[in-house]
Amino acid sequence: MEDVRKIKVKYMVEKDDFMRAGQASSNIKKILKKLGLDSQILRRVAIATYEAEMNIIIHSEGGFIELEIHPDKIRINVEDNGPGIKDIDLAMKAGYSTAPNKIRELGFGAGMGLPNIKRCCDEFNIKSSLGEYTRLELLIYNK
């Protein structure tokens, strides 16, 4: 991947769009696989982007996932439109969820999204503003 200068791709994700859930993360994985990334890095990126995509679908009014591929790292920027996270520390605890029952009945909302995302990243940054947005910056180094 040394010949990669920088590649940037952006995927829009819509609220409650369970029909296309996983498409963005699957496309990201395909791009990285074509570039010959290590399977462990592919797995980490796939998990982190899938969890982020599902969080947008379940908890927000829609948003995007932006992939930046650099020779030495993968940067994933995630941003959604509202409602924001009231207590980030609590939201980072495994098992904590604000998903409504209808989402849990679909098999989602176990409260593992943000903890799984963080676990898969070398660097994880989260910022949220109530009523406005949640932003994630995820870095996975290509070691």
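No lab work stands behind these numbers, since they all come straight from the coordinates. Values in this document were obtained by computation on a predicted structure and should not be read as measured data. Backbone-built Cβ (ideal geometry, glycine too); neighbour counts: all protein chains shown.
On a 0 to 90° scale, report how tilted helix 39-59 is relative to the longest principal axis of the chain, with both axes built from alpha carbons and the result rounded to the nearest 10.
Its long axis makes an angle of about 30 degrees.
Sorted from fewest to most neighbouring beta carbons within 10 Å, what does the list Met54, Met19 look like?
Lowest count first: Met19, Met54.
Convex hull over the Cα atoms of segment 7-141, averaged projected area in nm²? The partial results should precede the final answer.
Working: hull surface 29.8 nm².
Orientation-averaged projected area of the Cα hull: 7.4 nm².
At 0.36 nm per residue, minus the direct Cα-Cα distance, what do Arg119 and Thr98 gain on full extension? Give it in nm, one decimal, please.
On the way: separation 21, 0.36 × 21 = 7.56 nm, distance 2.02 nm.
Working it through step by step, the gained length comes to 5.5 nm.
Tyr133's amide H: which non-local residues (gap 5+, or another chain) put their own amide H closer than 5 Å, with H modeled 1.01 Å from N in plane and none for Pro or chain starts?
Result for Tyr133 returns Gly82, Gly84.
Using the count of nearby Cβ atoms within 10 Å as a rough guide to exposure, how do Ser97, Ser129 rank from fewest to most?
On the way: Ser97 19, Ser129 12.
So the ranking, lowest neighbour count to highest, is Ser129, Ser97.
Once amide H atoms are placed 1.01 Å from N in the peptide plane, what residues at a sequence separation of 5 or more from Val13, or on another chain, have their amide H within under 5 Å of its amide H?
The list, which skips near neighbours in sequence, is Gly63, Phe64, Ile65.
Distance in nm between label sites at Lys33 and Ile7, each 7 Å beyond Cα in the beta-carbon direction?
About 1.3 nm, to one decimal.
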